[in-house]
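The values are calculated or read from the model by the stated rules, or taken from the named source; none is laboratory data. This is a predicted model, so every value here is computed, not measured. Methodologically, a virtual Cβ is constructed for each residue, glycine included, from the backbone with ideal geometry; neighbour enumeration extends over all protein chains shown. The area values use the complete protein model at the heavy-atom level, side chains included, leaving out ligands, DNA and RNA. Shrake-Rupley method; radii C 1.70, N 1.55, O 1.52, S 1.80 Å.
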Amino acid sequence: MGLPERPPRAIDWQSVEEALGTRLPADYKDLIARYPELVVGGFIRVLGPHGRFPSMDIVAESQSNQSWLEYITEEAEHHDEAIPYVAYPAPGGILRWGVTTNGDYCHWRTGPGDPDEWTIVVSEGKGDEWTEFAGGLGAFIEALFLARSTVPCFRGDWPHSGSTTTFRDRGDRAVSA
C-alpha cells in the first residue's frame, strides 16, 4: 500500500479497547494508525475507532454485529439450520472489523489468548455463507492480493490488478495507493 504521507495518528487504544472489552491485534492497530478510514482494494472498508459515522466505527459496529447475529440466528432456527458462530463478547465470539461494498462482513474470531492469534471469519451479508482464514488481518489481506486465498462470497473479479487502496490522510484528503 505504500507508506503514508504523514506520520501515524495518535489513537487512544486503551479507551477503544476498554469500550470493546478486549485488546485488539497489533497488526490492526498499526494499520489503522497509519491509514485511517482504510478501504482495501476499493472493496473492504476496515473499521476504525472514532469513525465519522457509526457504520465506520469499530466500537459502534460491535453492537450492530451482535444484533445482526441474533437476527440471522433466529431466522436460521426457523429453517432448522444453525449459524456456526456467536457474537463477541461470548467466548470465541466474532467481532466485526470490516465491511465490503457487497455487504459482506469481516470478523475476527476472538479467543481467550493473545489477540494476535485471532483468526479471520468472513460472512456473506445474510449469514448463508461463511469462510475462515487461519491468520490475522495482515496475512489475510496479503493472501488475497497474492492469490493464495479466496473468499467465495467476495466478488469473483476481486482483487484484480487494477484494485486500489484508499484512505483519508490526516488532512482529510482521499489518497490512493
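A few comments on the model shown:
Residue-by-condition table, conditions (1) out of contact with any Lys or Arg (no Cβ under 8 Å at 6 or more places or on another chain); (2) within 19 Å of LEU38 (Cβ to Cβ):
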position: VAL59; (1), (2): yes, yes
position: SER67; (1), (2): yes, no
position: HIS78; (1), (2): yes, no
position: ALA87; (1), (2): yes, no
position: ALA90; (1), (2): yes, no
position: CYS106; (1), (2): no, yes
position: TRP118; (1), (2): no, yes
position: LYS126; (1), (2): yes, no
position: GLU129; (1), (2): yes, no
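- One residue from GLY21, GLY41 being in contact with a His (Cβ under 9 Å, 6 or more places away or on another chain) and either more than 24 Å from GLY92 (Cβ to Cβ) or in contact (Cβ under 8 Å) with a residue 60 or more places away in the chain (or both): GLY41
- For region 92-131, a residue qualifies if it is under 13 Å from the mean Cα position of the chain (by Cα) and open to solvent by 50 Å² or more (accessible area, probe 1.4 Å), and the qualifying residues are THR101, ARG109.
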